[in-house]
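The values are calculated or read from the model by the stated rules, or taken from the named source; none is laboratory data. Note that the structure is predicted; figures quoted are calculated from it, not measured. Cβ coordinates were reconstructed from backbone atoms using ideal geometry, including for glycine residues, and neighbour counts include every protein chain displayed.
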């Protein structure tokens, strides 16, 4: 997960939507090059503002279709994207809470 508004990404994301996700995907690809030789490797990267790169969207759509074939439930793709959306929302909540100063009852006196 990449924070769209992080200082390290603001310059790129203000000019190009999805730039933080692209940068995160590139880092993952470089980190796991040895896996790509033996397996299909798709770096899943998303931004806090929900930008997801096209390759990941294609992969997740294909995965949803395959799950649907196994379960015979045509809602599986929607469920997969709902889970991803919830993951992004949870990350956003943690990121926002992390920006607040932590105080103790002793500090408030």
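Can you find a residue in the range 10-22 that is out of contact with any strand residue (DSSP E or B) (no Cβ under 6 Å at 6 or more places or on another chain), surrounded by 14 or more Cβ atoms within 10 Å (Cβ to Cβ), part of a helix (DSSP H, G or I) and modelled with pLDDT of 75 or more?
Yes, because at least one residue in the range 10-22 is out of contact with any strand residue (DSSP E or B) (no Cβ under 6 Å at 6 or more places or on another chain), surrounded by 14 or more Cβ atoms within 10 Å (Cβ to Cβ), part of a helix (DSSP H, G or I) and modelled with pLDDT of 75 or more.
Inside the range 26-55, can you point out the residues that are modelled with pLDDT under 85 and not in a loop (DSSP other than H, G, I, E, B)?
Within the range 26-55, the first condition is being modelled with pLDDT under 85, and the residues that meet it are 36, 44-55.
Of everything in the range 26-55, those that are modelled with pLDDT under 85 and not in a loop (DSSP other than H, G, I, E, B) turn out to be 36, 46, 47, 52, 54, 55.
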